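Peer 1: Provided herewith is a single structure, encoded as structure tokens, for subsequent inquiry.
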Amino acid sequence: MNITTLCEVAYEANLQIARHKLAILTWGNASAYDAETGLMAIKPSGVDYDALTPADMVVLDVETGMVQEGTTLRPSSDTATHRALYRAFQGIGGIVHTHSPKATAWAQAGTDLPCFGTTHADYFYGPVPCTPPMTHDEVHTGEGYEHNTSLVIIREFEQRGLDPLQMPAVLVHGHAPFVWGTDATDAVHNAIVLEEVAAMALDTVTIRATTDAIAQHLLDKHFLRKHGSDAYYGQSSHD
Ligand SMILES: [Zn+2]
């Protein structure tokens, strides 16, 4: 993918998260990654969505963090989190970070987002994990808060044995969701679904606090008919 296309894809993903009201003001950021070149394009820091252009996207090398020559805008403050997730999670090509209200409410409650039904099961293979709270040292030391945020996410996925392609989202404790996908468009799609299922789950526990998670056989049926080698949902491709 050439750099112009990468920037356009990242720009469009940022517009979509604003359009779908997943991010207001300057909250949130989306990035696109091209594994062939090792480059990512991400929203610049603190620029309003209304004022963004594709040329404003900041292009940088995911391995080194080196920003492309001639760039004047600073990349999103969450760039270190995006970089580390691209390096750790093979096969992802887009990341969206928002403070969308319902998903953020679950992150603030410090609770996994339970899988109560098939809407959730179609996209996320089980409860969406919430990380443990970040310690004082994780917030203040090492390579920095944003990099350490990624380490907390990656460690949680390792400890739980989660496949990032089967669980394309995480709730960062006391913060908000990070969502990814095979490309930036897919990441936006997953972020929209996450917010919807977070709202549904909140209503579900409001109606009945002791609601059980979806049965494993129904979760398996819904997730696996759309994803993986035996998928059959949709037309030519899986989704
Ligand atoms: Zn945030």
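The values are calculated or read from the model by the stated rules, or taken from the named source; none is laboratory data. Since we're looking at a predicted model, the values are computed, not measured. We place every Cβ from the backbone using ideal geometry, glycine too, and count neighbours over all the protein chains shown.
Peer 1: Quick one: in the range 81-106, which of the residues that are surrounded by fewer than 20 Cβ atoms within 10 Å (Cβ to Cβ) and over 16 Å from G181 (Cβ atoms) is farthest from the ligand (Cβ to nearest atom)?
Peer 2: Among those that are surrounded by fewer than 20 Cβ atoms within 10 Å (Cβ to Cβ) and over 16 Å from G181 (Cβ atoms), it is R87.
Peer 1: With the range 77-135 as the region, which helices (runs of 4 or more DSSP H) entirely inside it contain at least 3 residues that are modelled with pLDDT of 95 or more and within 15 Å of the chain's Cα centre (by Cα)?
Peer 2: Qualifying helices (runs of 4 or more DSSP H): 79-88, 101-109.
Peer 1: Kindly indicate the residue of the range 156-180 that is part of a loop (DSSP other than H, G, I, E, B) and of a type outside the set (A, V, I, L, M, F, W, C) and also nearest to the ligand (Cβ to nearest atom) among those meeting that condition.
Peer 2: Ranking the qualifying residues of the range 156-180, first place goes to H175.
Peer 1: With the requirement that a residue be closer than 13 Å to T185 by Cα and of a type in the set (A, V, I, L, M), what does the range 1-33 give you?
Peer 2: Correct list: L6, V9, A10, A13, L15, I17, A30, A32.
Peer 1: Of (1) more than 16 Å from the ligand (Cβ to nearest atom); (2) within 19 Å of the chain's Cα centre (by Cα); (3) at pLDDT below 95; (4) among the polar types (S, T, N, Q), T72 satisfies all except one. Which?
Peer 2: With respect to (1) more than 16 Å from the ligand (Cβ to nearest atom); (2) within 19 Å of the chain's Cα centre (by Cα); (3) at pLDDT below 95; (4) among the polar types (S, T, N, Q), T72 is out only on (2).
Peer 1: Looking for whichever is within 27 Å of L171 (Cα to Cα), under 19 Å from the mean Cα position of the chain (by Cα) and more than 16 Å from the ligand (Cβ to nearest atom) here; the options are A35, A18, A30, A23. Which one fits?
Peer 2: Just a single option satisfies the conditions, and that option is A35.
Peer 1: List every residue pair whose Cβ atoms lie under 7 Å apart, where the two residues are 6 or more positions apart in sequence or sit on different chains, the first residue falls within the range 224-239 and is closer than 15 Å to F124 by Cβ, and the second residue, located anywhere, is at pLDDT 85 or above and loosely packed, with under 14 Cβ neighbours inside 10 Å.
Peer 2: Close Cβ pairs satisfying both conditions: R225/Y232.
Peer 1: In the range 177-194, how many residues are touching a helix residue (DSSP H, G or I) at 6+ places or on another chain (Cβ under 6 Å) and surrounded by fewer than 22 Cβ atoms within 10 Å (Cβ to Cβ)?
Peer 2: Counting residues in the range 177-194 that are touching a helix residue (DSSP H, G or I) at 6+ places or on another chain (Cβ under 6 Å) and surrounded by fewer than 22 Cβ atoms within 10 Å (Cβ to Cβ) gives 0.
Peer 1: All but one of (1) over 21 Å from H189 (Cα atoms); (2) modelled with pLDDT under 95; (3) charged (D, E, K, R) hold for E36, so report the exception by its number.
Peer 2: Here E36 clears every test but (2).
Peer 1: Criterion first (under 21 Å from H189 (Cα atoms), more than 16 Å from the ligand (Cβ to nearest atom) and under 20 Å from the mean Cα position of the chain (by Cα)) does Y49 satisfy it?
Peer 2: It is false that Y49 is under 21 Å from H189 (Cα atoms), more than 16 Å from the ligand (Cβ to nearest atom) and under 20 Å from the mean Cα position of the chain (by Cα).
Peer 1: A further question follows. With the requirement that a residue be within 16 Å of the ligand (Cβ to nearest atom) and surrounded by fewer than 20 Cβ atoms within 10 Å (Cβ to Cβ), what does the range 107-129 give you?
Peer 2: Selection gives Q108, G110.
Peer 1: Also: Do we have any residue at all in the range 202-216 that's under 22 Å from the mean Cα position of the chain (by Cα) and either at positive phi or of a type in the set (A, V, I, L, M, F, W, C) (or both)?
Peer 2: Yes, that holds for at least one residue.
Peer 1: Something else now. When you go through (1) out of contact with any Leu (no Cβ under 9 Å at 6 or more places or on another chain); (2) within 22 Å of A184 (Cβ to Cβ) one by one for T104, which number turns out not to apply?
Peer 2: It fails just one condition, (1).
Peer 1: Can you say whether I153 is in a loop (DSSP other than H, G, I, E, B), touching a helix residue (DSSP H, G or I) at 6+ places or on another chain (Cβ under 9 Å) and crowded, with 20+ Cβ neighbours inside 10 Å, as far as the supplied structure shows?
Peer 2: no
Peer 1: Further question on the same structure: Could you check the range 1-22 and list, in sequence order, the residues that are among the aliphatic types (A, V, I, L, M) and over 19 Å from T79 (Cα atoms)?
Peer 2: The answer is M1, and nothing else.
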